[in-house]
Every structure is written in C-alpha cells, then in structure tokens.
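The values are calculated or read from the model by the stated rules, or taken from the named source; none is laboratory data. Because the structure is predicted, anything quoted here is derived from the model rather than measured. Ideal geometry is used to build each Cβ from the backbone, glycine not excepted, and the neighbour counts take in all protein chains shown.
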Amino acid sequence: MITARGAMLYDASCVGQPREEIFDAGYWRARRALEQATGGRGTVAFVREGEQRWVLRHYRRGGLVARFLEDAYLWTGAERTRSFAEWRLLHRLRGWGLPVPRPVAARFARSGLVYRADLITEELPSRTTLAMVLASGPLDDPAWRRIGRCIAGLHARGVHHADLNAHNLLLGPDGEVYVLDFDRGRIRGRGAWEQAVLERLRRSLAKVTAGLPAGRFDDAAWRSLRQGCGEP
C-alpha cells in the first residue's frame, strides 16, 4: 500500500486496511490503548486494539552511528528497508510454525536519501525474557535443553538470527520458548554461522549473569543448552 512518503505492508486478517496513525504511539495513547512504552535501541510500545494485543517498534540505530543518524537508514529500495525485510521474514517463519511473533503491519517513510521505519507484531503469550528469569533464579537442565531445541529449530530451517541474546528469548509459564527481534535476520545455507550465533548468545548470558549468585549460568547450563541443540 503506497503512502504519502513511503509504503506499508500489512496482514488484512489482523488489521483490515490500516492508516499510518497506527504506527504512532501518540495515537494509541490518545485512545487510552497504550499499555507500556520502553526505550532502548528499538523504541517499543505495547498496545491493545479490541481483543488484539500488538507490539509497536520504531527502528533505531545502535552504537556510535546512533549519535548522528538515530533512526535514519540509507535508502536502497523498498524491499531492503528494515521493516519490510523483517515483516516478510516473520511471515515466512510463522508459515513454518516457528515460535516467533506474527507480523501485523510494517511501514517506511522516505526523506531524500534516508528512510525511517516501524513494525507492528502480535504480542506473544509472554513478556518474560531469559534475562529476567535468570535475574530471579537459576534454570534447571530441562529448561536449558528446551531453549537449545528452540534454537535448533531455527537453524534447521536456515534461520540466521543476527543478534540472539538473553533479552530476545522469551520463556512462557509452561516452558514454551519464543524468539524476538529478527531485524537483519535472513535465511541462508547451514554452516559455521550457527556456532557464531551460539557464541553470541553465550557472551550475552555471561554478561547478564555477571554479579548474580553462582549457578545462574555456568558450564553445566551451557552443556544442557548445547545438548538441546542436538550436540553431544
């Protein structure tokens, strides 16, 4: 769908024919439908539309470049925008039955050589991240193996998560494991990148548990996770 400054993708079964206002947290705040907004690299807002619960994310840069560009990205074509690429990837992963958010709508707004972008997804059944759980107490071996099996399910399909960490793995009350934030993710042939993804996760786990009581994350936990991935 073409807009005044860009375009939108959307799932009509979720949102009908949307207006651009749905990507504005202020719009939801005025309707008293904004439940929570958080900062960080990606500005996230939890909103309710009727019986549907959605997550609105505005794409923002990280690192040093964020000081200069903040939320602006170089324009290289509609299909290469961050929001359209992630929406299409999530749509594909949901079709495969993987535990990821359902994409609702995406948009970009272009201004000369740069664009800005937003994404709306359905909220998953849990907001509890792996980092939150570890801050409260240790996980048992079956839980670590379930996390490993979830990651193995992604890798079996060639899903390369660009930033798998303790903050974008969610744990449900009955042991379910979900994965968030597929910005810059892609489908590729299986290979050494899988180990790089796991090592990135290991560094994240070590970082979030540094200073916490012993046993929150150790070699035994990592072995259980790797076993869940199908490794000896």
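Screening T38 against (1) within 25 Å of R127 (Cβ to Cβ); (2) modelled with pLDDT of 90 or more; (3) among the polar types (S, T, N, Q) leaves a single unmet condition, (2). Consider the stretch 6-25 and keep the residues that are among the small types (G, A, S) and assigned to a helix (DSSP H, G or I). The one that is farthest from L90 (Cα to Cα) is A25. Considering the stretch 186-212, and only residues there that are charged (D, E, K, R) and in a helix (DSSP H, G or I), the residue that is farthest from G228 (Cα to Cα) turns out to be K207.
Residue-level analysis places R92 among those that are in contact (Cβ under 8 Å) with a residue 40 or more places away in the chain, among the basic types (K, R), at negative phi and surrounded by fewer than 17 Cβ atoms within 10 Å (Cβ to Cβ).
Would you mention how many residues in the stretch 175-203 are within 15 Å of C150 (Cβ to Cβ) and in contact with a helix residue (DSSP H, G or I) (Cβ under 9 Å, 6 or more places away or on another chain)?
Count: 12.
Annotation: E86 fulfils all but one of (1) closer than 17 Å to V15 by Cα; (2) within 12 Å of the chain's Cα centre (by Cα); (3) acidic (D, E); the unmet one is (1). For beta carbons closer than 8 Å, sequence separation of 6+ or different chains, a first residue in the stretch 204-222 that is within 12 Å of G137 (Cβ to Cβ) and a second that is among the polar types (S, T, N, Q), the qualifying pairs are R216/T209; F217/T209. For the stretch 117-162, filtered to residues that are touching a helix residue (DSSP H, G or I) at 6+ places or on another chain (Cβ under 7 Å) and part of a loop (DSSP other than H, G, I, E, B), the residue that is surrounded by the fewest Cβ atoms within 10 Å (Cβ to Cβ) is L139.
Anything in the stretch 63-78 that is more than 20 Å from A12 (Cβ to Cβ) and either at pLDDT 90 or above or not aliphatic (A, V, I, L, M) (or both)? List them, or say none. Give the steps one after another, and end with the answer.
Going residue by residue through the stretch 63-78, those that are more than 20 Å from A12 (Cβ to Cβ) are 63-77.
G63, R67, F68, E70, D71, A72, Y73, L74, W75, T76, G77, listed by residue number.
Within the stretch 97-113, is even one residue assigned to a strand (DSSP E or B) and either surrounded by fewer than 15 Cβ atoms within 10 Å (Cβ to Cβ) or free of Cβ contacts under 8 Å to residues at least 60 places away in the same chain (or both)?
Initial filter on the stretch 97-113 (assigned to a strand (DSSP E or B)): 103-111.
Then drop every residue that is not either surrounded by fewer than 15 Cβ atoms within 10 Å (Cβ to Cβ) or free of Cβ contacts under 8 Å to residues at least 60 places away in the same chain (or both), which leaves 111.
The answer is yes; a qualifying residue exists.
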